[in-house]
1. Would you check which residues across segment 265-278 are open to solvent by less than 70 Å² (accessible area, probe 1.4 Å) and free of Cβ contacts under 8 Å to residues at least 40 places away in the same chain and list them?
2. Between Ile79, Ile86, which is exposed (fewer than 14 other Cβ atoms within 10 Å of the Cβ) and either of a type in the set (A, V, I, L, M) or at pLDDT below 80 (or both)?
3. Scan segment 158-181 and tell me whether some residue there is within 29 Å of Asp58 (Cα to Cα), among the hydrophobic types (A, V, I, L, M, F, W, C) and in a loop (DSSP other than H, G, I, E, B).
4. Kindly establish whether Val239 is hydrophobic (A, V, I, L, M, F, W, C), loosely packed, with under 15 Cβ neighbours inside 10 Å, more than 30 Å from Ile114 (Cα to Cα) and at pLDDT 85 or above.
5. Checking the structure you have, find out if any residue of segment 118-126 is of a type in the set (Val, Ile, Thr), assigned to a strand (DSSP E or B), modelled with pLDDT of 85 or more and surrounded by 15 or more Cβ atoms within 10 Å (Cβ to Cβ).
6. In segment 205-246, which residue that is polar (S, T, N, Q) and closer than 26 Å to Ala126 by Cα is nearest to the chain's Cα centre (by Cα)?
7. Here is a check on your reading of the model: is Asp146 more than 26 Å from the chain's Cα centre (by Cα) and open to solvent by 20 Å² or more (accessible area, probe 1.4 Å)?
8. Are any residues in segment 49-60 over 28 Å from Tyr39 (Cβ atoms) and either of a type in the set (Gly, Ala, Ser) or touching a Ser or Thr at 6+ places or on another chain (Cβ under 8 Å) (or both), and if so, which ones?
Amino acid sequence: MMIILLICQIEWQAMDRLHDDNRQHLVIHYTIPENMLKYFVEDTQYIASYEVQLKVYDKKKRQTAGDFWDKKVAREGDIVGDSVKIIVPANGISYNLKIVDLNGGLLLDVNEKISKINYLANINWAMQRDTITFTFTVLNDKFHVDSITIIIDRIQQGASLRPGIYEDSSKFAVAALPNGRYVAAFMLHAETSKLDMVKLPVIIARPFHRDEATWQIRVNQLEYIATTRQINELKQSPVEERDSLWRAFWKKHDPTPNTDFNEQEVEYFRRISHCEEHFSHGDKGWQSDRAKIYVRYGPPDEVQLRPYELYAPAHELENPSIKFYDAYEIWYYYKINRRFIFGDRHGLGQYILLTPDGTGL
């Protein structure tokens with residue numbers, strides 16, 4: 001069985017494959033956005049080191065199998081991809097997968113059930129445009145099963161199965177479903193009775209420029225680097241032109257235009273992601289006042305947290321009324337000689353920028 005999820009921007013697939021009568025292989029395929037890894041210079045190259053840990057547990061949560069793999073990769077593109085494999089003992093019912101950046105800490109930690117193979121094995125899926133193609137192995141040598149029904153959301157389709165052990169496939173039109181996480185259910189029938197059901201979490205992830213909702217969000221997020229006119233032109237562009245227009249926009253901001261890797265675009269959306277992750281609790285994420293400064297200037301050199309009272313005389317501040325806020329954050333950027341003060345008036349986590357131009361240090 002294959003599972004694909006998007007967790008912290010890491011995509012991973014768990015695929016159960018037959019090994020012998022009592023055991024099966026668990027194969028994990030994964031991709032990591034390169035901006036999640038910390039790179040260091042080694043022999044004129046930027047190198048990242050990370051570790052993949054895979055453990056199998058029985059019903060009493062005792063480890064029955066496990067292994068780890070140290071990986072070292074050079075920065076060559078925007079995605080790092082690889083796979084690991086382990087044999088699952090007969091009593092293995094769940095697994096834990098961890099991916100750890102050896103220079104930056106834990107990136108992924110997930111626990112999942114291991115699906116036992118009855119009538120279907122080696123389930124794979126791939127999405128092209130608005131069609132998902134499922135491929136799988138039918139284990140029907142005793143002809144227990146005569147049909148299969150596949151359901152995603154409110155869309156379903158069925159097909160007959162023949163006796164034997166063989167490879168089969170099914171195409172599934174998903175144009176009506178927006179990007180997001182879904183569960184594909186494979187229902188196996190014998191006449192009118194349901195013999196088995198396999199549930200498969202899947203994610204529909206068209207390229208962002210082909211999904212209307214995602215495109216509008218991504219274009220809106222350009223507000224810190226693009227003009228209003230540029231944003232409106234991108235929003236109103238036909239779907240078939242969006243990819244080339246997006247590339248043309250970022251080409252103008254590419255510090256190394258002769259390479260395929262655009263450092264400026266990657267760093268910009270890394271900052272947007274940081275703001276979504278850290279400034280959304282009670283605040284507005286990438287649209288918050290803190291995001292306006294973070295996206296423009298990057299991480300501050302120093303952050304001071306001042307709950308309840310700002311320890312500075314009111315006459316030293318650009319706006320003396322900030323004395324009435326419940327809590328403060330003061331961001332220092334020493335290289336550009338600026339200090340930004342954010343106040344949380346109501347104590348709910350929404351910080352307002354009180355010094356728009358930045359006070360001098």
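1. Applying the first criterion (open to solvent by less than 70 Å² (accessible area, probe 1.4 Å)) to segment 265-278 yields 265-275.
Within segment 265-278, Glu265, Arg271, His274, Cys275 qualify.
2. Details: Ile86 fails: exposed (fewer than 14 other Cβ atoms within 10 Å of the Cβ).
Every option except Ile79 fails the conditions.
3. No, that holds for no residue.
4. Working: hydrophobic (A, V, I, L, M, F, W, C): yes; loosely packed, with under 15 Cβ neighbours inside 10 Å: yes; more than 30 Å from Ile114 (Cα to Cα): yes; at pLDDT 85 or above: yes.
Yes, satisfied.
5. Residues of segment 118-126 of a type in the set (Val, Ile, Thr): 123.
Among the residues that remain, those that are also assigned to a strand (DSSP E or B) are: 123.
Remaining after also requiring modelled with pLDDT of 85 or more: none.
No, segment 118-126 has no match at all.
6. Kept after step one, since they are polar (S, T, N, Q), are these residues of segment 205-246: 214, 216, 220-221, 227-228, 230, 232, 236-237, 244.
Right, trim to closer than 26 Å to Ala126 by Cα and you get 214, 216, 244.
Details: Thr214: 14, Gln216: 18, Ser244: 24 Å.
The selected residue is Thr214.
7. Details: more than 26 Å from the chain's Cα centre (by Cα): yes; open to solvent by 20 Å² or more (accessible area, probe 1.4 Å): yes.
The answer is yes for Asp146.
8. Once the filter is applied, which keeps residues that are over 28 Å from Tyr39 (Cβ atoms) and either of a type in the set (Gly, Ala, Ser) or touching a Ser or Thr at 6+ places or on another chain (Cβ under 8 Å) (or both), segment 49-60 yields Val56, Tyr57, Asp58.
The values are calculated or read from the model by the stated rules, or taken from the named source; none is laboratory data. Here the structure is a predicted model, which means the values were calculated and not measured. Positions of Cβ are generated from backbone atoms using ideal geometry, with glycine treated the same way; all protein chains shown enter the neighbour counts. Accessible surface areas use protein heavy atoms only, side chains included; no ligands, DNA or RNA. Shrake-Rupley method; radii C 1.70, N 1.55, O 1.52, S 1.80 Å.
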